[in-house]
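Every read-out reported here was derived from the displayed coordinates using simple, explicitly stated rules and does not represent laboratory data. Computed from a predicted structure; not experimentally measured. Heads up, the Cβs are rebuilt from the backbone with ideal geometry, glycines too, and the neighbour counts pull from every protein chain shown.
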Amino acid sequence: MYDLIVIGAGSGGVRCARMSAQKGAKVAIIEERFYGGTCVNVGCVPKKLFVYASHYGEDFHDAHRFGWSTQSTQFDWPTLVENKNAEIARLNGIYENLLKNAGVTIYNGRGRISSPNTVEVNGETLRAKNILIATGSYPFKPDFPGSEHALISDHMFYLDSLPTHAVVVGGGYIAVEFAGILAGLGVSTHLIYRGSSLLKRFDGDVRHHLAEELDRKGIKVHLSTSIESMEKLSEKEYRLKLNSGEELSTGLVLYATGRKPLTQDLGLDLAGVALGADGEILVNEDYQTNVPGIYAVGDVINRMQLTPVALAEGMYVANKLFGGDPVGVDYVRIPTAVFSQPSVATVGPTEEEARQQFPQLKVYRSAFRALKNTVSGNQERTMMKLLVDGATDKVIAAHMVGPDAAEIIQGIAIAIRAGATKKIFDTTIGIHPSSAEEYVTMREPVGD
């Protein structure tokens, strides 16, 4: 009898299993695919490596005005994929060792719940006082004529070669990021989205500014557009018919239209676990399902599909079950980033949301060319924004589009969570010359 069985060795599952075992619990974890989950294997880690690779072309160009000569540069896709694979294999080993060193029993296979206290794996029945489901999510691709030829984000990390032309479908962070990766690697890239603007849940100024920068970098954005059919002409060419009547010829189509909770074939119906409209597992404030002893965290509960959130949720369950200080997750002020080019980072509500909550809202905004670009000739512009509650002077949100946005917003997220006021920002000495200092030098609100 185990104290805890975890199904899924992604970020949330590994964190909960490891911490529970370190607290003295008898723990087992079941994984059928790879250690580290989506983020480590086919998500944020390899994608960020691809972002780094794709930005070098622009860096080489910018270097000329700084005196560097780059007479001959060329990119080799297989080299990037090979080195990425080596790094992911290293991380897989780290995750596995973390579990083993904590004393967690590992089962490789598909776990299925057969009752509220039993799990089946590889023909073996395991019993547990508690079960945690942390199976994550999977890329969603709609069904349409020829959709079998379209790729999902998982495939992008293992392509044999890059096409000369590509189409990315979607308006969220995955679509925007891959459009930037492909364009940065020299692929002629179209970004197709059925909505009227990209990154619909982000601040309006962020969306507008990023759209201008994507256009500046040569990404051809088609809004209020969808693919009606996809026809394979050859191994390296496809013809797309759009709802606008236009036709496109391309060598690759990537659908990045969201992710769905991975709850299929887990035996949840046998245990009586309740699901939501999108297939997500419904949980309470303690991440417990409607069935006592069965918990769920991470993408599978579809609250915030972010690795650090899954880690925090997994930590909460470990502390709740086996002793500790379970600190609830603050879903309102979660900092997040889009590793587009330029990158986006944000914490707190959008201006549109804030105006509904704070009648005396003050908005501070600045847009500029970074010092580096005044010499390089690069026309990229940075946008920074602060939202302040005029009634309390507290800074309630920060948004940024520009280089190193995630690195800058992470620190500001701490200040916002600590309740820093605009006066504290104003009296903080800036680091000069830096883009980050703009956050402590914005004196006049927009419209005042």
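Looking at the chain as a GNM with Cα springs under 10 Å, which of Ala274, Ala256, Ala391 has the largest mean-square fluctuation?
In the Gaussian network model the winner is Ala391.
Quick one: of Lys48/Lys372; Lys47/Lys141; Lys48/Lys394; Lys84/Lys232; Lys220/Lys372; Lys141/Lys320, which pairs are farther than 28 Å apart, Cα to Cα?
Lys48/Lys394; Lys84/Lys232; Lys141/Lys320
Looking at the chain only, what percent of DSSP beta bridges run antiparallel? Nearest 5 please.
So the antiparallel bridges amount to about 60 percent of the total.
Between Ala89 and Asn243, what FRET efficiency follows from the Cβ-Cβ distance if R0 is 51 Å, with the result rounded to 0.05?
After rounding to 0.05, the efficiency reads 0.75.
So for segment 342-440, taking the charge dipole from beta-carbon charges (+1 Lys/Arg, -1 Asp/Glu), which of Ala413, Val347, Ile424 sits furthest toward the positive end?
Ile424
Per DSSP H run of at least 4 residues, take -39500 (n - 2.57); add these up for the chain, divide by its residues and hand me the 222 nm value, nearest 500 deg cm²/dmol.
After summing the helix terms and dividing by the residues of the chain, the value is -9500 deg cm²/dmol.
Placing +1 on the Cβ of each Lys and Arg and -1 on the Cβ of each Asp and Glu in the chain, which of His399, Val221, Phe140 has its Cα farthest towards the positive end of the resulting dipole?
His399
So, R0 is 41 Å and r is the distance between the beta-carbons of Glu58 and Arg355; what FRET efficiency does that work out to, to 0.05?
Efficiency, from the Cβ-Cβ distance: 0.70.
How large is the dipole of the chain about the Cα centre if only Lys and Arg carry +1 and Asp and Glu carry -1, each at its Cβ, rounded to the nearest 20 debye?
Here the chain has a charge dipole of around 640 debye.
Treating the beta-carbon of each Lys and Arg as +1 and of each Asp and Glu as -1, no other charges, what is the dipole magnitude of segment 323-398 about its Cα centre, to the nearest 20 debye?
440 debye
Let me know the charge dipole size of segment 147-257 about its Cα centre in debye, to the nearest 20, where only the beta-carbon of Lys, Arg (+1) and Asp, Glu (-1) is charged.
Dipole magnitude for segment 147-257 comes out near 160 debye.
What's the center-to-center distance, using Cα atoms, between segment 284-310 and segment 230-275 in Å?
26 Å
Neighbouring Cβ atoms within 10 Å as the yardstick, rank Asp154, Asp3, Asp299, Asp330 fewest first.
Asp330, Asp154, Asp3, Asp299
For the charge dipole of the chain, defined by +1 on Lys and Arg C-beta atoms and -1 on Asp and Glu C-beta atoms about the Cα centroid, which residue among Ala337, Val283, Val206 has the Cα displaced farthest towards the positive pole?
Sorting the options by dipole projection puts first Val283.
Give the order of Val395, Val401 when sorted by the count of other beta carbons within 10 angstrom, beginning with the fewest.
By the 10 Å Cβ count, ascending: Val395, Val401.
Only bridges whose two residues both fall in segment 147-257 count here: according to DSSP, what percent of them are antiparallel, nearest 5?
Given both bridge residues lie in segment 147-257, the antiparallel proportion sits at roughly 45 percent.
If we count other beta carbons within 10 Å of each Cβ, what is the order of Phe140, Phe322, fewest first?
Lowest to highest Cβ neighbour count: Phe140, Phe322.
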